[in-house]
Amino acid sequence: MPLHWERVTGRRAVEPLFVLDLRDRSTGKRVALRLTRAEALLPLGEVVRRLLRAMPERLVAQGRLAPTQADTLFRLQDLIFPVNDRGALARRPYRGLVWRHGRDGFTLNPAYPARFERVRRADGPDVLVLPLEADRHDVRYERNWRGFHARRFARFRPTIDRLLAEAVPGGVALDGAVAERRFLEAVARRIWRADFENYSRFFPPAIPLKTGDETVEHIVQGRGGVCTEKVLALKLITDGFGLESRVVFAGPRTREPLPVAQLRRMLDELGEYDFTYARRYMRYWDHVALEYRLSDGSAWLVDPSNGNIPFLCAPAGPYLDAGGARRAVPVCMLAVTEPVCYHRAPERLGLDFLFAWETWIADVDLLQVFDNELGLLVGPEFYVAVAMWGSATKRAVARERWRAYARAHGLALGLEGEDATPTEATVLAEFAARCPLQAAACRAALPGLERRYRAHVLARSGVDKSFCADLVVLDRRPLLASGGTGPPARPATTVRV
């Protein structure tokens, strides 16, 4: 950000700059704010109240905040301060929020001034920096979703209107249940058409899991998101227009009733969100969708995910009402089809699940790429994964595993590199030719993914080493042409949250 300073006249001394370097520990969102000397001497809690509740545009006009960071500060504000139903910020931060020194991690008392660190510069005034980190781990699930979405909807309405102009060119007129359903279907279908992808999470600034407004921005830019992100985008828009919706859980082979108590316990009691011993329950929230109640009382199940999930905007009863005859959706896992069942969930459980994934699931971006096998892109004809390696031996092993998988399932494989066969090079070239935007985006994501993977390994094991990533492309067209399993319109891998 541009920094400005005043020189002290009459002496050779130079007034230092005071900068608040604020970072949210959970999401990684970060901004730098210019402070005056008087503000720097105030108790930390007073500094937070004065600066972090201010309109970002006012701080930009005062030269305290870079214009490119205005939206980031806006998004940080409702992570730090509660909001009412209208989206207005409270005066005090969430109870349970802890301020920490950003470099050392020790707790800062908001009743006292914080100590700044001096950064000496030869070409200008010294900079006194306060590296401040917001630790929201003990805030838990206190978000007011109505106010949170009202605030974000108002702020990002121009971007939302751009998406709506594509979805409903004739404009929005919700004058009854029929109009509500048409509006809902049109918006959900526009979101569904966007890529089911993870690649955009590794573009700067990296976003581990996008909120609804961030997902809308990415869709308008020609990108997309995974099912959780697309559901949040649809819910943000429809909440803004007053349509009632609730989160629905789904998963493969889950005809049994939803294990509500076990899922609630996983969110409440496993403070570190280690689900190692709960895998048999986790399949119930492999996927999410939304159930809507329209003004005439009718219920509609809407799934805007894409990937391997067909578009769904249908009466909810056949999918969600209790009984053994509930309808399942066949979902193709590359070459294997599984029945996915939908389940109504208590409203708080569904919203808290979304909040946990946005906020507290460690390395959620890498988890969805690798552990949940979503790769970088799940498209109608191509599935794009990544092979990470830190040595030539590891690279060879990873590539042979993909070759064995492709042979076992009758899939055409595309690989890059000097040892790629002519067929593998051809598949890679066909992907680039048929999906040029997606191919370019996947390749552009690799440097960010390599940096994230390196940071992950360093944090988990203390080993600091470089990693490289190879694109792996699986072409399902030969399988479909030969009459393979799976819905022919949208083949892909199983979508997990």
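Any read-out appearing in this document is the output of simple, stated calculations on the displayed coordinates, not a laboratory observation. Only a predicted model underlies this, so the values are computations on that prediction, with no experimental measurement involved. No Cβ is skipped: glycine too gets one built from the backbone with ideal geometry, and neighbour counts run over all protein chains shown.
Divide the volume of the convex hull around the Cα atoms of the range 79-234 by the residue count and you get 178 Å³ per residue. Remark: the range 160-251 projects, on average over all directions, an area of 6.3 nm² (convex hull of Cα atoms).
Using just its DSSP H runs of length 4 or more, each adding -39500 (n - 2.57), the chain gives a mean residue ellipticity at 222 nm of -11000 deg cm²/dmol after division by all residues. The alpha carbons of the range 145-362 occupy a box of 48, 42, 38 Å along the principal axes, longest dimension given first. Lysine pairs in the chain whose alpha-carbon atoms fall under 23 angstrom of each other, counting only those eight or more residues apart or on distinct chains, come to 6. Between VAL178 and GLU256, the C-beta separation translates, for a Förster distance of 51 Å, into a calculated FRET efficiency of about 0.90. Label sites at ARG157 and ALA396, each approximated as a point 7 angstrom past Cα along Cα to Cβ, lie 6.2 nm apart. For the range 372-431, the equivalent ellipsoid built from the Cα gyration tensor has semi-axes of 18, 15, 12 Å, listed from largest to smallest.
Gain on full extension, evaluated as 0.36 nm per residue between VAL457 and ASP104 minus their Cα-Cα distance, stands at 125.1 nm. When peptides 54-60, 120-126 are ranked by their average number of other Cβ atoms within 10 Å per residue, the highest-first order is 54-60, 120-126. In whole angstrom, the range 356-403 maps to an equivalent ellipsoid with semi-axes of 24, 17, 6, each derived as √(5λ) from the alpha carbon gyration tensor and ordered largest first. Our Cα-only numbers for the range 377-481 put the radius of gyration and Dmax at 14.5, 48 Å. The convex hull of the Cα atoms of the range 17-139, projected and averaged over all directions, covers 7.8 nm². Relative to the longest principal axis of the Cα atoms of the chain, the long axis of helix 70-80 lies at roughly 90 degrees. Normalised by 2.2 N^0.38 Å, with N the number of residues, the alpha-carbon radius of gyration of the range 285-409 equals 1.33. In terms of overall dimensions, the chain has a Cα radius of gyration and Dmax of 24.5, 86 angstrom. Dividing the Cα radius of gyration of the range 11-51 by its Kirkwood radius returns 1.09 for Rg/Rh.
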